[in-house]
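Colleague: First the structure, then my questions, so here it is.
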Amino acid sequence: MKKLFTLVAAALSSLAMMAQGWPADYKGVMLQGFAWDSYAESQWPVLEEQAEEISEYFNLVWVPNSAYAGSMSMNMGYHPVYWFKQDCAFGTEAQLRSMIKTYKDKGVGFIADVVINHRNGVGEKGSWVDFPAETYNGKTYQLGLADICANDECANNGYKPTGANDTGEGWDGARDLDHTSANVQENVNAYLDFLKNDIGYEGFRYDFVKGYASKYNGMYNAEAKIDYSVGEYWDGNVSLVKNWIDGTKVDGVIQSAAFDFPLKYYINDAIGNGQWSRLDGSSLASDATYKRYSVTFVDNHDTYRDNNKCPANLEAANAYILMMPGTPCVFLNHWKAYKTAIKKMILIRRIAGISNMSLIAGKKSYTGGYYVKVKGDNGSVICLLGETPGIVLDGYKLALEGTNYKIYVEEKLDISSLDNVKEEEKEKFVMPECCTAEEGKMYAFFEVPSYWDTTNGIYCWCWNNSKNFTGGTWPGVLCTKVGETDKGNQIWKWVGPNASEGAPTGIIFSVKGGPQTSDLDYHEGGYYDNVTGFLGDMSTSGISGIITDAPIGNAPVKVFAITGSELRRCAAGTTIADAVKGLPNGIYIVGSRKIVVNQ
């Protein structure tokens, strides 16, 4: 009898130690630390510099796939080539490790973007299937034709994959891996061990999980013993998403959460388009059994750039997910746009003690709006969306309000800490003194991040729909270093052809063969950095003295108000006097100069 009890106790202990997809009663909030093509904003050193602020509000940060995908510039990484080489468009492996450690020391974990449905070959021999051999912990791992699904499209292009048929949907951008293969499973298990125990990731976000049977995610997570796992099962049908979650079970235990796409589409319809009753629909977050495994979101890097984007009321939409059960995942673009409000929403969630398993104590749609009440461990919260005429909430006080939303909390809750969150004041841009104008020329300035290697200089690529102004061969033309900022960042200047040759629309700065900015809108005399992009130009900063008349060069003549808004654009060669003729008395900016009009 004692022996039987010992065996049962051991089994229960083993089950308790097994990963269970997502923690129960989890009160954390996740930040998606990137958007599509956010190569500047999401560089590992850039994110690391924000650790103090981000760690105050977020518990997890999801970052792009950090595996090498064939290029370290302009590549989002969703067709990885290497797994154990962690150099990508967002930074080097050393920078990745530094970022993860900085946040870990502050109690924040990172979620790896794991792409194992498909993989690309090295391509050195023009092959689609020449997967690299990689060594980890003294063992070499490599995939081959036997590890590619038999019905992969490479079979129609001269190759003979000998794996089993795909256990999910196909993906024609790279080779679909056969997860029934013992070698694939061994490679994946080693890769996940590397991400967790070597690089230091706390959890995994699995890309395109429709591409293979969900049981494999369960197997991999159980082996990795990972605490946080979320699958991208992109479907608005809640039954299918639940089926995928259930399919990850190992010994009856769920091994992964999923993004709540059903709720996301209800948010689009209700908060975005005023179809409020849609929020009554079935989602993971509204289901008592599955809300623990719901990762809620308004938009992500994919939906934000297509027809799946929430069309309006983004601040209100974030208020909704941050007051709901499930684990909210805030999109980087929303965080940047509504930072002060989102900070307060997260604090309210924390004060009320709302977790991924909190109770929805009441909800209803009404003409012009929606009501939802959620019971946290410390007190209840009521979120009103849309119009709120004549609604009286006894026993509650207003904690936060904005366009199309109000958040109330029980009177007993102390929300005084919200007063400590101040509206961010944007620092006014001042053009450095080393930046000088180029009359009649195209020109721009770039402040180089401290972590870029400028040994071989900074290059500029500038264009419009019909013409390239920097030679037409990437990476363009070499810029000239003109000075440094007070912080020691180098400033480089590009001077192009005569402005009369056309009007550029885009500009990129880069290191030859290395990192580069995103596509930036061109501004004549513009000043750029790698995080914000365009900061200002010679029209609004660094302006020369007051004059009354002077000839303008061969460029189109632009007239700006002192606030920076463009008032008129005149033909090249127009004099200053003619350019400002007829304008009310005042100060204007013409050709990078202050002009006093007193007519």
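The values are calculated or read from the model by the stated rules, or taken from the named source; none is laboratory data. The shown structure was predicted, so the numbers you read here are calculated from the model rather than taken from an experiment. Using ideal geometry, Cβ is built from the backbone for each residue, glycine included, and neighbour counts are taken over all protein chains shown. Heads up: the accessible areas ignore ligands, DNA and RNA and are worked out on the full protein's heavy atoms, side chains in. Shrake-Rupley method; radii C 1.70, N 1.55, O 1.52, S 1.80 Å.
Colleague: When all protein chains stay in place, what accessible area (Å², nearest 10, 1.4 Å probe) is found for residue 58?
Modeller: Result for residue 58: roughly 0 Å² accessible.
Colleague: A follow-up question, please. What pairs from 309/428; 215/291; 344/373; 27/85; 344/375; 106/412 go past 25 Å between their alpha carbons?
Modeller: Pairs exceeding the cut-off: 309/428; 27/85; 106/412.
Colleague: Measure out, as a whole number of angstrom, how far apart the alpha-carbon centroids of the range 103-140 and the range 331-397 sit.
Modeller: Taking the Cα centre of the range 331-397 as reference, the centre of the range 103-140 is 40 Å away.
Colleague: Going through the DSSP H helices of the chain, which span 18 Å or more along their own axis at the Cα atoms while scoring at least -1.0 as a mean Kyte-Doolittle hydropathy?
Modeller: Helix filter hits for the chain: 2-17, 339-352.
Colleague: Still on this structure, please answer the following. How big is the C-alpha Rg of the range 93-148 next to the rule-of-thumb value 2.2 N^0.38 Å, as a ratio?
Modeller: Working it through for the range 93-148, the quotient is 1.57.
Colleague: A further question follows. Given R₀ = 25 Å, FRET efficiency for residue 288-residue 36 by Cβ-Cβ distance, to 0.05?
Modeller: Once the sixth-power term is evaluated, E becomes 0.10.
Colleague: Still on this structure, please answer the following. Short version: ³J(HN,Hα) in whole Hz for each residue of the range 406-420, in order, from phi by Karplus 6.51 cos²θ - 1.76 cosθ + 1.60 (θ = phi - 60°), x for Gly and Pro, what are they?
Modeller: 9, 10, 10, 10, 4, 3, 5, 7, 8, 10, 5, 5, 5, 5, 7
Colleague: Further, regarding this structure: Length gain on complete extension for the stretch residue 501 to residue 450, per 0.36 nm per residue less the alpha carbon to alpha carbon distance? Before the final figure, lay out each step's value.
Modeller: Numbers: separation 51, 0.36 × 51 = 18.36 nm, distance 3.40 nm.
15.0 nm is the gain from fully extending residue 501 to residue 450.
Colleague: May I ask you to give the percent of accessible area on the chain that is carbon plus sulfur, with a probe radius of 1.4 Å?
Modeller: 47
Colleague: Want the number for residue 534 to residue 434: 0.36 nm per residue separation, take away the alpha-carbon distance, what's left?
Modeller: 34.2 nm
Colleague: Which far-off residues, 5 or more places away or on another chain, put their amide H under 5 Å from the one on residue 72, with H placed in the peptide plane?
Modeller: When sequence neighbours closer than 5 places are left aside, there are no close amide H contacts.
Colleague: Looking only at the chain, where both bridge partners belong to it, what percent of the DSSP beta bridges are antiparallel (to the nearest 5)?
Modeller: 70
Colleague: Next question. Can you give the FRET efficiency to the nearest 0.05 for residue 127 and residue 197, using r as the Cβ-Cβ distance and R₀ = 30 Å? Mind dumping the intermediate values first?
Modeller: On the way: r = 32 Å, r/R0 = 1.06.
E between residue 127 and residue 197, to the nearest 0.05, is 0.40.
Colleague: Additional query: What residues qualify as long-range amide H neighbours of residue 34, i.e. H under 5 Å apart, gap of 5 or more or another chain, H built at 1.01 Å from N?
Modeller: 332
Colleague: On to the next question. At 20 °C and 1.002 mPa s, what whole-number value in µm²/s does Stokes-Einstein give for the translational diffusion of the range 317-357, with Rh from the Kirkwood sum over Cα pairs?
Modeller: 209
Colleague: What does the charge count around residue 462 come to, taking other residues whose C-beta lies under 14 Å from its C-beta (Lys +1, Arg +1, Asp -1, Glu -1)?
Modeller: Its environment carries a net charge of -2.
Colleague: Express in nm, to one decimal, how much length is gained between residue 280 and residue 401 on full extension, taking 0.36 nm for each residue of separation and deducting their alpha carbon distance.
Modeller: Extra length from residue 280 to residue 401 when fully extended: 41.3 nm.
Colleague: Please list, in order along the range 279-294, the HN-Hα scalar couplings obtained from phi with the Karplus expression 6.51 cos²θ - 1.76 cosθ + 1.60 (θ = phi - 60°), rounded to whole Hz, x for Gly and Pro.
Modeller: Per-residue couplings from phi come out as 6, 7, x, 6, 9, 5, 5, 8, 9, 4, 7, 10, 4, 4, 9, 9 Hz.
Colleague: Here's something else I'd like to know. Simple spin-label model, 7 Å along Cα-to-Cβ: residue 306 to residue 340 in nm?
Modeller: 3.6
Colleague: Also: Looking at the chain, identify the longest residue range that excludes and avoids all GluC sites (Glu not before Pro) in DSSP loops having at most 16 other Cβ atoms within 10 Å.
Modeller: The reported range is 170-386.
Colleague: Note down the magnitude of the dipole of the range 370-440 about its Cα centre, charges +1 on Lys and Arg C-beta and -1 on Asp and Glu C-beta and zero elsewhere, to the nearest 20 debye.
Modeller: My answer is approximately 560 debye.
Colleague: Consider just the alpha-carbon atoms of the range 313-414 and return their Rg together with their Dmax, both in angstrom.
Modeller: 12.6, 36
Colleague: Can I ask one more? Search the structure for amide H atoms under 5 Å from the amide H of residue 380, placed 1.01 Å from N in the peptide plane, and list their residues when 5 or more places away or on another chain.
Modeller: Answer set, sorted by chain and number: 410.
Colleague: Next question, about the same structure. If you project the alpha carbons of the range 135-291 onto the principal axes, what extent comes out on each, in Å, largest first?
Modeller: Here the Cα extents, ordered largest to smallest, are 54, 38, 28 Å.
Colleague: Extending each Cα 7 Å along its Cβ direction at residue 412 and residue 572, get the distance between those two points in nm, one decimal.
Modeller: 7.5
Colleague: Take the alpha carbon gyration tensor of the range 420-533, find the square roots of its eigenvalues, order them as a ≥ b ≥ c, and report rounded if a/c is under 1.5; if not, report prolate when a/b exceeds b/c, else oblate.
Modeller: prolate
Colleague: Right, something else. Relative contact order of the chain: what whole-number percent is it, with Cα pairs under 8 angstrom and at least 6 residues apart?
Modeller: This gives 10 percent for the chain.
Colleague: Let me ask something else about it. What does the helix-only formula give at 222 nm for the chain: each DSSP H stretch with n ≥ 4 adding -39500 (n - 2.57), the total divided by the residues, and the result rounded to the nearest 500 deg cm²/dmol?
Modeller: My calculation for the chain gives -6000 deg cm²/dmol from helical runs alone.
Colleague: Turning to a different aspect of this structure: Largest first, please: the extent of the C-alpha atoms of the range 29-187 along each principal axis, to the nearest Å.
Modeller: 52, 30, 28
Colleague: Would you list the P(r) distribution for the range 56-139, with all Cα-Cα distances sorted into 5 Å bins from 0 and each bin expressed as a whole %?
Modeller: 3, 14, 21, 21, 19, 12, 6, 3, 2, 0
Colleague: At 10 °C and 1.306 mPa s, what whole-number value in µm²/s does Stokes-Einstein give for the translational diffusion of the range 240-327, with Rh from the Kirkwood sum over Cα pairs?
Modeller: 118
Colleague: With N set to the residue count of the range 369-417, report its C-alpha Rg divided by 2.2 N^0.38 Å to two decimal places. List each step's numbers first, then the result.
Modeller: Numbers: Rg = 10.6 Å, N = 49, 2.2 N^0.38 = 9.7 Å.
Relative to the rule-of-thumb radius for its length, the range 369-417 sits at 1.10.
Colleague: Quick check: from the Cα gyration tensor, does the range 123-206 come out rounded (a/c under 1.5), prolate or oblate?
Modeller: Taking the square roots of the gyration eigenvalues as a ≥ b ≥ c, the range 123-206 is prolate.
Colleague: Please give the solvent-accessible surface of residue 37 in Å², to the nearest 10, using a probe radius of 1.4 Å with every protein chain present.
Modeller: 60
Colleague: Per the Cauchy relation, a quarter of the hull surface: what is the mean projected area of the convex hull of the alpha carbons in the range 204-249, in nm²?
Modeller: Details: hull surface 11.6 nm².
Seen from a random direction, the Cα hull of the range 204-249 projects 2.9 nm² on average.
Colleague: Right, next: Could you give me the ³J(HN,Hα) list for the range 202-209, computed from phi with Karplus coefficients 6.51, -1.76, 1.60 and θ = phi - 60°, whole Hz, x at Gly and Pro?
Modeller: Per residue, the Karplus-derived 3J(HN,Hα) values read 8, x, 10, 10, 8, 7, 6, 6 Hz.
Colleague: Now a separate question. How fast does the chain diffuse by Stokes-Einstein, in µm²/s, taking the Kirkwood radius from C-alpha pairs at 37 °C and 0.692 mPa s?
Modeller: Calculated translational D: 122 µm²/s.
Colleague: Still on this structure, I have one more. Just to confirm the filter: which trypsin sites (Lys or Arg not before Pro) across the range 336-423 are DSSP coil and have at most 12 other Cβ within 10 angstrom of their Cβ?
Modeller: On the way: sites: 336, 339, 343, 344, 349, 350, 363, 364, 373, 375, 397, 406, 412, 422; in loops: 412, 422.
Qualifying residues, ordered by number: 412, 422.
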